[in-house]
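In what follows, a structure is listed as structure tokens, so that the remarks can point back to it.
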Amino acid sequence: MAVLNILEFPDPRLRTVAREVAQVTEQTRKLIDDMFDTMYAAPGIGLAASQVDVHQRLLVIDISEDHNDPMVFINPKVTVLDPELGEYDEGCLSVPGFYETVNRPRRISVTALDRDGKEFTREIDGLLAICLQHEIDHLDGKLFVDYISPLKRQRIRKKLEKSHRQRA
Ligand code: QAP
Ligand code: CO
């Protein structure tokens, strides 16, 4: 088990479109375990493989208070069940310290593979629906800051670049 390095905005590697997982193997499960370690250590509620510089369509989520509801989605496909949008102040481990309001469909259906490579489909709403859509965006090279004004995005970029320079 290991805590992996999380890429931060505006790192261009976060813009990579991830490829489907061809086969769920022991190596995939090792990556999943390391991603949970990384997410719980942060702490966060969701992490996409793209954020740890692995460009495979795989993400982990745990929105429970006690870190006891780990969920894995491999090659997730979403269908919007209800076009009604809900707003939420989203954050991101790749954009630390910044939160902005984003609107997304409230009710979705997802089909994905679990950590055993078995396909499942479930209907999702609430925070899980928001988080899942946020994480799938990462797999497509998108970030929540892409939904806010260019001015706000630029301000966040400048502040993070400054903190990266100070860390270096
Ligand atoms: C994505 O985000 C998400 O700024 C998961 O300093 C967030 O786990 C989906 C975090 C909100 C839906 C709603 C952010 C930790 C964690 C920070 C996270 C920070 C430390 C974010
Ligand atoms: Co994120």
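The values are calculated or read from the model by the stated rules, or taken from the named source; none is laboratory data. Just so it is clear, the structure is predicted and the values come from calculations on it, not from any experiment. Backbone-built Cβ (ideal geometry, glycine too); neighbour counts: all protein chains shown. Only protein heavy atoms, including side chains, enter the accessible area calculation; ligands, DNA and RNA are left aside. Shrake-Rupley method; radii C 1.70, N 1.55, O 1.52, S 1.80 Å.
Here are the numbers:
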read-out: Residue tally, condition among the aromatic types (F, W, Y) and in contact with a Phe, Trp or Tyr (Cβ under 7 Å, 6 or more places away or on another chain), over the range 41-90; value: 0
read-out: Residues being assigned to a loop (DSSP other than H, G, I, E, B), under 27 Å from K159 (Cα atoms) and open to solvent by 90 Å² or more (accessible area, probe 1.4 Å) - total across the range 1-16; value: 2
read-out: Yes/no for D53 being touching a helix residue (DSSP H, G or I) at 6+ places or on another chain (Cβ under 6 Å), surrounded by fewer than 18 Cβ atoms within 10 Å (Cβ to Cβ), within 30 Å of Q154 (Cα to Cα) and among the charged types (D, E, K, R); value: yes
read-out: Identity of the residue in the range 34-50, in a loop (DSSP other than H, G, I, E, B) and surrounded by fewer than 15 Cβ atoms within 10 Å (Cβ to Cβ), that ends up farthest from ligand 2 (Cβ to nearest atom); value: P43
read-out: Members of the range 107-116 found to be open to solvent by 60 Å² or more (accessible area, probe 1.4 Å) and touching a strand residue (DSSP E or B) at 6+ places or on another chain (Cβ under 8 Å), listed by number; value: R107, R115
read-out: Output for the range 64-106, where each listed residue is away from ligand 1 (no atom under 14 Å from the Cβ) and buried (at least 16 other Cβ atoms within 10 Å of the Cβ); value: V72, I74, N75, P76, V78
read-out: Test: residue in the range 99-107 that is touching an Asp or Glu at 6+ places or on another chain (Cβ under 7 Å) and outside any strand (DSSP E or B); value: yes
read-out: Test result for S64, outside any strand (DSSP E or B) and small (G, A, S); value: yes
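Residue by residue, here is whether (1) touching a residue at least 60 places away in the same chain (Cβ under 8 Å); (2) of a type in the set (K, R) holds:
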| site | (1), (2) |
| --- | --- |
| M1 | no, no |
| D11 | yes, no |
| M39 | no, no |
| A49 | yes, no |
| V72 | no, no |
| K77 | no, yes |
